[in-house]
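The values are calculated or read from the model by the stated rules, or taken from the named source; none is laboratory data. Here the structure is a predicted model, which means the values were calculated and not measured. Every residue, glycine as well, gets a Cβ built from its backbone with ideal geometry; the counts of neighbours run over all protein chains shown.
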Amino acid sequence: MKIITIIGTGYVGLVSGAGISDFGHNVVCADINEDKIKQLINGQIPIYEPGLYDLVDRNVKHGRLSFSNDIAGSIENSDIIFIAVGTPEGANGTSDLTAVYEVARAIGNSLNGYKVVCTKSTVPIGTGAEILKIIKDTNKSKNDFDYVSNPEFLREGSAVKDFLWPDRVIIGASNEKAFDFMKDVYRPLYINETPIIETSIETAELIKYASNAFLSVKISYINEIANICDAIGADVHVVSKAMGIDGRISPKFLHPGPGFGGSCFPKDTKALIAMAEALGTDVKVVESAIEANQSQKVRMVNKLINLFNDDVHGKTIAILGLSFKAQTDDVRESPAINMIAALKDRGAIIKAYDPVANENMKKIFNDLDIYNSWEDAVCDADGVVIMTEWNEFRGLDLPRLKDLVKSPNILDCRNILNIDDLESLGFHYDNVGRKKA
Ligand code: UGA
């Protein structure tokens, strides 16, 4: 059992902290934000993440998980310190590492014996070396420590499952002692034979960007294939399925949609390009994926406008789904933002509904008309757009929807509605790369 401090209680820090405590270690999740820590101590989880409440509650009750504002004290008491603070987009697509370096200085100031310092935040290649230097420079008593890169692969909405049952664990370190410390953290995963990749710090840092950028490319690729399907009347679902059966391709992340969003893919693809440029090389395929993603968002707006013979002025449009994907209340870079902004520009009247993200979208469009149910949002609408693949919309009661709307126009940006049902009910519909009417 190790004593561990996780600094940063965003979704990565909180899920990792709760997950590691579930592996049997003693974990303190520390943050300078007093309100957040107060909330957590009171049993409130600041983000919507399925399964997280139970995971936190269980481990707090077992005395393995606690929360603190005392960063220095928590570092002093720990064997391992995880850096899990945010790395938002900085200038020209680079990552803003202010918070990471601040934590590195705090660690340097509080080192009081051998510890492993480990970064979970997504940081550009070379950040590990810089963190090492900062800790060495600030560590007056010259205590011994090792640095590890341990990137996370958690998806919002399934982060708890991804943490407890990961496909792989990446440990980038420079000596056996550090590898052993980290393998001890993840020991329970050995039972599931989870692959643990031991590598250099720089390689670990790159694996994270290479993985996220690859998935972004995969999504943009299938979106462009869907656009070809639109043009020739083919069905992208069948294309995806047939492609995915090939083990070399895999069926995952081949779902066309309104373009990728969230706090990771848009930021990490730009950061990879910035890193490549700084190294005098390039990742043209990733540049194209970003460009295709922007076009995809515009394409969805155009599809909707086409349903109204190119004029949505004065039309009431119900937007179902505001978060960037299902199972999260996160609206960062959500394609729904582009849709709302474009429709507002063209004089449409918007009624919006999301099962959990209404309030977050209201912070972006403070005059947004939000509703507490899809039924209220679609009532008397001239058209409906599905932006997020919530299960609630997959099982939409289409006859009821048709009764509630003024005109049965629907754009399914997630391809979750049954085309035969839409047809038999006389909907005027469109989607992403499937049959339209
Ligand atoms: C992503 C990665 O999947 C995680 O492995 C990684 O840890 C995380 O970024 C991160 O760097 O922190 P996340 O952004 O939470 O996770 O969500 P994803 O499920 O990857 O979806 C990203 C976007 O792609 C969403 O907008 C989603 O709707 C879209 N998407 C995904 C598609 O349009 N089609 C697909 O087939 C899959």
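On the stretch given as segment 217-236, residues that are buried (at least 18 other Cβ atoms within 10 Å of the Cβ) and touching a Cys at 6+ places or on another chain (Cβ under 9 Å) total 1. Does Ala213 satisfy being surrounded by 15 or more Cβ atoms within 10 Å (Cβ to Cβ), small (Gly, Ala, Ser) and within 23 Å of Lys2 (Cα to Cα)? In short, no.
Residues are listed down the side, and each one gets a yes or a no for (1) within 16 Å of the ligand (Cβ to nearest atom); (2) in contact with a Gly (Cβ under 8 Å, 6 or more places away or on another chain); (3) modelled with pLDDT under 95:
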position	(1), (2), (3)
Ser323	yes, no, no
Arg332	yes, yes, no
Ala336	yes, yes, no
Ala348	no, yes, no
Asp354	yes, yes, no
Lys362	no, no, no
Phe365	no, no, no
Val378	no, no, no
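Of the residues that sit in segment 338-354 and are closer than 17 Å to Gly259 by Cβ and in contact (Cβ under 8 Å) with a residue 40 or more places away in the chain, which one is surrounded by the most Cβ atoms within 10 Å (Cβ to Cβ)? Spell out how you get there, then give the answer.
Of segment 338-354, the ones closer than 17 Å to Gly259 by Cβ are 338-343.
Checking the rest, the ones that are also in contact (Cβ under 8 Å) with a residue 40 or more places away in the chain come to 338-339, 342-343.
Working: Asn338: 20, Met339: 26, Ala342: 18, Leu343: 22.
Checked segment 338-354; the qualifying residue surrounded by the most Cβ atoms within 10 Å (Cβ to Cβ) is Met339.
Could you please find all residues in segment 328-354 being of a type in the set (A, V, I, L, M, F, W, C) and either more than 25 Å from the chain's Cα centre (by Cα) or outside any loop (DSSP other than H, G, I, E, B) (or both)? If the condition is that a residue be of a type in the set (A, V, I, L, M, F, W, C) and either more than 25 Å from the chain's Cα centre (by Cα) or outside any loop (DSSP other than H, G, I, E, B) (or both), then Ala336, Ile337, Met339, Ile340, Ala341, Ala342, Leu343, Ala348, Ile349, Ile350, Ala352 are the ones that fit.
Condition test on Thr5, is it crowded, with 17+ Cβ neighbours inside 10 Å and closer than 25 Å to Val356 by Cα?
Numbers: crowded, with 17+ Cβ neighbours inside 10 Å: yes; closer than 25 Å to Val356 by Cα: no.
No.
Condition check for Pro88 on (1) closer than 17 Å to Lys120 by Cα; (2) in contact with a Ser or Thr (Cβ under 7 Å, 6 or more places away or on another chain): one failure, at (2).
Where helices (runs of 4 or more DSSP H) fall wholly inside segment 67-159, the ranges with 1 or more residues that are within 16 Å of the ligand (Cβ to nearest atom) are 98-110, 127-138. Within segment 258-310, if we keep just the residues that are over 26 Å from Glu156 (Cα atoms) and of a type in the set (Lys, Arg), the residue that is nearest to the chain's Cα centre (by Cα) turns out to be Lys284.
Contact annotation: residue pairs with Cβ atoms under 9 Å, 6 or more positions apart or on different chains, pairing a residue in segment 183-208 that is exposed (fewer than 15 other Cβ atoms within 10 Å of the Cβ) and of a type in the set (A, V, I, L, M, F, W, C) with a partner that is at pLDDT 95 or above and part of a strand (DSSP E or B), are Ile197/Val169; Ile197/Ile170; Ile197/Ile171; Ile197/Gly172.
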